[in-house]
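Q: Take a look at this one; I'll ask things after.
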């Protein structure tokens with residue numbers, strides 16, 4: 001038997017009958033039920049993430065290729081795989097921020113060409129690597145700023161804005177370069193080429209840079225106010241605005257960050273190749289978006305993993321390298337990249353349905 005609620009209790013709960021009011025025993029039972037639940041451990045949380053299973057797929061594919069090809073585990077081949085994936089991994093870190101807000105940036109590939117051309121022209125004129133880098137990043141930031149303003153303040157769809165910017169940037173790269181290749185980078189050419197193509201302790205410089213940036217983005221997503229606000233906007237932009245988050249300014253900053261990572265990748269890639277044309281980076285945006293989504297970023301927004309970007313880029317590069325070593329025509333590369341992208345999105349959809 002339980003005690004009936006008093007008139008005072010009923011007045012505190014208008015519209016509810018005596019059976020709707022919980023007594024002390026009910027509250028105790030609920031408290032016991034809640035406290036008896038166990039939180040998911042750190043390992044359990046990791047096992048539920050998409051980047052973990054992509055990493056498992058990466059290891060499995062590497063194990064298969066070790067058996068299939070004697071050349072796979074050679075030092076030179078591993079060096080090439082890690083170096084090539086790092087260029088896309090750097091860009092995927094920035095793209096993950098855009099996708100976290102439920103946006104997309106299709107202009108990053110063509111931006112690599114424009115930023116690279118500007119770097120080459122500045123250094124060819126003898127102004128040195130410092131001004132070359134500054135010019136590269138300034139051009140990238142301006143493109144990101146325009147994208148962000150159009151998306152955030154004019155409420156234009158990110159797909160339309162960045163698709164139009166892709167065409168604009170391609171044209172600008174052709175005009176600025178006069179459709180010519182640049183291979184003379186002035187007095188700092190040796191340093192420039194070492195930064196992009198050299199190594200430290202047998203690890204490519206670009207991989208070291210990717211590692212540092214990954215650590216920075218991990219800290220940003222986990223601890224910084226900026227990171228929490230970006231994730232909040234991706235989860236529910238309207239609720240984020242009601243909570244006092246400057247949604248428009250945050251969206252602009254996200255597109256600027258994405259463009260800056262594209263500019264940095266362009267600077268490093270030009271140094272690696274030792275030349276630049278306005279076609280450099282063409283269609284890279286497809287690989288970057290695929291790496292980001294395969295790495296766990298949700299196209300609907302609100303979900304992002306710092307480690308997911310380089311893991312996704314590594315899987316794509318490993319697929320490309322494996323096809324070559326297995327003697328499969330390189331024309332199949334995009335087929336498998338697209339297949340993995342579809343599977344990643346399908347996996348995300350299945351997880352979302354189970355979560356409901």
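Q: Report every pair of residues separated by at least 6 positions or lying on different chains whose Cβ atoms are under 8 Å apart, first residue within the range 302-325 and on the phi > 0 side of the Ramachandran plot and touching a residue at least 40 places away in the same chain (Cβ under 8 Å), second surrounded by fewer than 23 Cβ atoms within 10 Å (Cβ to Cβ) and not in a helix (DSSP H, G or I).
A: Within 8 Å, the pairs are 302/102; 302/236.
Q: Now a separate question. State whether the residues of the range 75-98 include one that is more than 25 Å from residue 340 (Cα to Cα) and surrounded by fewer than 21 Cβ atoms within 10 Å (Cβ to Cβ). Outline the logic, then answer.
A: In the first step, residues of the range 75-98 are kept if they are more than 25 Å from residue 340 (Cα to Cα); the result is 75-76.
Still in the running and surrounded by fewer than 21 Cβ atoms within 10 Å (Cβ to Cβ): 75-76.
The answer is yes, given that some residue of the range 75-98 is more than 25 Å from residue 340 (Cα to Cα) and surrounded by fewer than 21 Cβ atoms within 10 Å (Cβ to Cβ).
Q: On to the next question. Look through 181, 137, 165, 156 and report the one residue that is in contact with a strand residue (DSSP E or B) (Cβ under 8 Å, 6 or more places away or on another chain) and either under 15 Å from residue 116 (Cβ atoms) or at pLDDT 95 or above (or both).
A: Just a single option satisfies the conditions, and that option is 181.
Q: I want to confirm something. Restricting to the range 151-166 and keeping residues that are in contact (Cβ under 8 Å) with a residue 60 or more places away in the chain and either farther than 19 Å from residue 283 by Cβ or loosely packed, with under 13 Cβ neighbours inside 10 Å (or both), which single residue is farthest from the chain's Cα centre (by Cα)?
A: 153
Q: So, in the range 188-201, how many residues would count as being in contact with a helix residue (DSSP H, G or I) (Cβ under 7 Å, 6 or more places away or on another chain) and part of a loop (DSSP other than H, G, I, E, B)?
A: 1
Q: Oh, and also: List pairs: first residue in the range 175-200 and on the phi > 0 side of the Ramachandran plot and touching a residue at least 12 places away in the same chain (Cβ under 8 Å), second residue loosely packed, with under 14 Cβ neighbours inside 10 Å and in a loop (DSSP other than H, G, I, E, B) anywhere in the structure, Cβ distance under 8 angstrom, at least six positions apart or on different chains.
A: 186/125; 186/126
Q: Moving to a separate point now. When residue 238 is evaluated against the numbered criteria (1) under 20 Å from residue 86 (Cβ atoms); (2) free of Cβ contacts under 8 Å to residues at least 40 places away in the same chain; (3) out of contact with any strand residue (DSSP E or B) (no Cβ under 8 Å at 6 or more places or on another chain), which criterion, by number, is the only one it fails?
A: (1)
Q: What is the residue count in the range 110-127 for residues that are surrounded by fewer than 24 Cβ atoms within 10 Å (Cβ to Cβ) and part of a helix (DSSP H, G or I)? Write out each step before concluding.
A: So in the range 110-127, the residues surrounded by fewer than 24 Cβ atoms within 10 Å (Cβ to Cβ) come out as 121-122, 124-127.
Filter once more, so that each one left must be part of a helix (DSSP H, G or I): 121-122, 124.
Looking only at that region, the number is 3.
Q: Taking the condition of being outside any loop (DSSP other than H, G, I, E, B) and under 23 Å from residue 261 (Cβ atoms), how many residues in the range 61-103 meet it? Reasoning before the result, please.
A: Kept after step one, since they are outside any loop (DSSP other than H, G, I, E, B), are these residues of the range 61-103: 61-68, 75-100.
Among the residues that remain, those that are also under 23 Å from residue 261 (Cβ atoms) are: 79-100.
Residues that pass the stated criteria total 22.
The values are calculated or read from the model by the stated rules, or taken from the named source; none is laboratory data. Quick caveat, the model's predicted, so the values are computed rather than measured. Glycine also receives a Cβ, built like all others from the backbone with ideal geometry; neighbour counts cover every protein chain displayed.
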